[in-house]
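Dropping the structure in here first, questions after.
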Amino acid sequence: MAQNRMARRILFAALALGAVALVWAMLRPTPVLVELAKATRGPMRTTVDEDGETRARNRFVIAAPIPGRMLRVELEDGDAVRENQIVALIEPLPLNQLQREEVLARVETAEASKRQADARAAHAEEDYTQSHRDLARAELLFNEKVISTQALEQARNTESTSASELAAAKFGALAAAAGVKVARSGLIGMRDGSSAQPVVSLRSPIAGRVLRVVEKSERVLQSGAPLVILGDPRKIEIVTDVLTTDAVNIRPGVPAFLEGWGGDHPLRAKVRLVEPAGFAKVSALGVEEKRVNVIADFVDPPDGLGDGYRVETRIVTWSADDVLKIPGSATFRDRDGWSVFVVENGRARRRAVQVGHRNQLEAEILGGINDGEEVVLRPSNQLGEGVRVRTQ
């Protein structure tokens, strides 16, 4: 009898423990399924990404200097032109007094623009000469180990930028001189309209190609109407308009990468100029934004890109070769800072981190986690301190 009672007690105790274990297992929270990534060290960069387009660097718009009847333009888009070649002909119309005053004012404006362009070219030449001397001194000091490699690279970049600015200033002076000739041709229309008027010949100021024929057929035009656009499609630049809030972090000389241009690899470029004046532009969502043009030059220009081609521009604003980083999707805002969930012994632990630079994919970690630790990607609302997690 005693043995039977003891056996029953053991059986009841086992059943009770089993029931408790069953209830505990049923009430125990199911581990949350998560995806993990490790904190790693490596290179990282931040960029400003916008759509841009190519543009002939030195573009010349041949416009009607006077009101008149334009004869049919024989040139076609893409035709080669020689310097001083006739590209359009205009038979001037007799001018009234108001038009005469306008022609004279246009000549004065063109001459003032030429003087300004000449002064700018002279200033650019002085800047280039000075930067060339600075580069020579920097190379000497670098060889004597007085200055750093970064200082030498800055001197080289300044000299290269000054050379580009000098070339652009010389082209501007050339365009201004052509503008004076065009404006002075308007004086022909001030002759007596009763006699036969001579034909005004509009000539190309450069040796290049026809980018676009704006007016092809014979017609009467007003003064200032564009007729032909000339340029050299082999010398193109990239124009990208960015938000002014992004432009303040862009400096001349920083690298840029061009994607989505039709090739199978990104193209390298270098920022030459952030234009000093911004403009208003309405976005696709109907929001008015303040933007500014960033001009970049090709480092390795490809074949096939011409004037007005679309590209996707990535302008580098910061880069480093060795930083601790994690996927940006692992970070989330927590009060006034950033936090992540790390996994310790199968449980999620909230960890405050110090985040440095961020881009679309990654975040630089300045403190809070160590190299090799695992963090939870895209943490959901189910996660909390101590919650059990599992991976697939």
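The values are calculated or read from the model by the stated rules, or taken from the named source; none is laboratory data. Please read all numbers here as calculations on a predicted model, not as lab measurements. No Cβ is skipped: glycine too gets one built from the backbone with ideal geometry, and neighbour counts run over all protein chains shown. Areas reflect the complete protein model, heavy atoms only, side chains present, ligands, DNA and RNA absent. Shrake-Rupley method; radii C 1.70, N 1.55, O 1.52, S 1.80 Å.
Provide the per-residue ³J(HN,Hα) series for segment 238-246, in order, calculated from phi with Karplus coefficients 6.51, -1.76, 1.60 and θ = phi - 60°, each as a whole number of Hz, with x at glycine and proline positions.
Listing the rounded values in order: 10, 10, 10, 8, 10, 5, 4, 5, 7 Hz.
Based on the mean of other beta carbon atoms within 10 Å per residue, what is the order of 100-110, 275-285, most packed first?
Sorting 100-110, 275-285 by mean packing, highest first, produces 100-110, 275-285.
While we're here: When the distances between all Cα atoms of segment 124-255 are binned every 5 Å from zero, what whole-number percent does each bin get?
P(r) over segment 124-255, rounded to whole percents: 2, 8, 10, 13, 13, 12, 11, 9, 7, 6, 4, 3, 2, 1, 0, 0.
Can you give me the P(r) profile for segment 264-392? Cα pairs, bins 10 angstrom wide beginning at 0, each as a whole percent.
Taking every Cα pair in segment 264-392, the percentages come to 9, 27, 23, 22, 15, 4.
Quick one: 3J(HN,Hα) in Hz for segment 297-308, Karplus 6.51/-1.76/1.60 with θ = phi - 60°, rounded, Gly and Pro as x.
10, 5, 8, 10, x, x, 7, x, 7, x, 6, x
Moving on. Give me, ordered by chain and number, the residues 5 or more places off E373 or on other chains with an amide H under 5 Å from its own placed amide H.
Residues meeting the criterion, in which the H sits 1.01 Å from N, are A39.
With contacts defined as alpha carbon pairs under 8 Å and 6 or more residues apart, what's the relative contact order of the chain in percent?
Contact order relative to length: 28 percent.
Separate question: Report the normalised scattering of segment 186-320 as log10 I(q)/I(0) at q = 0.21 Å⁻¹, calculated by the Debye formula with identical scatterers on the alpha carbons.
-1.28
Report, by chain and number, residues whose modeled amide H sits under 5 Å from the one on G308, excluding near sequence neighbours (fewer than 5 apart, same chain).
T54, R55, A56
Moving on to the next point. Which angle from 0 to 90°, rounded to the nearest 10, does the C-alpha axis of helix 149-185 make with the longest principal axis of the chain?
40 degrees
Would you mind working out the accessible area per residue for the chain, using a 1.4 Å probe, and quoting it in Å²?
On a per-residue basis, the chain sits at 59 Å².
Calculate what fraction, in whole %, of the accessible area of the chain sits on carbon and sulfur atoms when a 1.4 Å probe is rolled over the protein chains.
52 percent
So, one more: Calculate the dipole size of the chain relative to its Cα centre from +1 charges on Lys and Arg beta carbons and -1 charges on Asp and Glu beta carbons; express the result in debye to the nearest 20.
Result for the chain is approximately 1760 debye, rounded to the nearest 20.
Let me ask something else. P(r) of segment 312-356 in 5 Å steps, Cα pairs, percent per bin?
Histogramming segment 312-356 at 5 Å steps yields 5, 16, 21, 19, 17, 11, 6, 4, 1 percent.
Rounded to the nearest 500 deg cm²/dmol, what is the calculated helix-only ellipticity per residue at 222 nm for the chain, with -39500 (n - 2.57) per DSSP H run of length n ≥ 4?
-10500 deg cm²/dmol
Another one. Once the dipole of the chain is set up with Lys and Arg at +1 and Asp and Glu at -1 on Cβ about the Cα centre, which of L324, H265, N157 lies farthest towards its positive end?
L324
Which semi-axes, in whole Å and largest first, does the equivalent ellipsoid of the chain have when worked out from the alpha carbon gyration tensor as the square roots of 5 times its eigenvalues?
Each semi-axis is √(5λ); the values are 71, 27, 17 Å.
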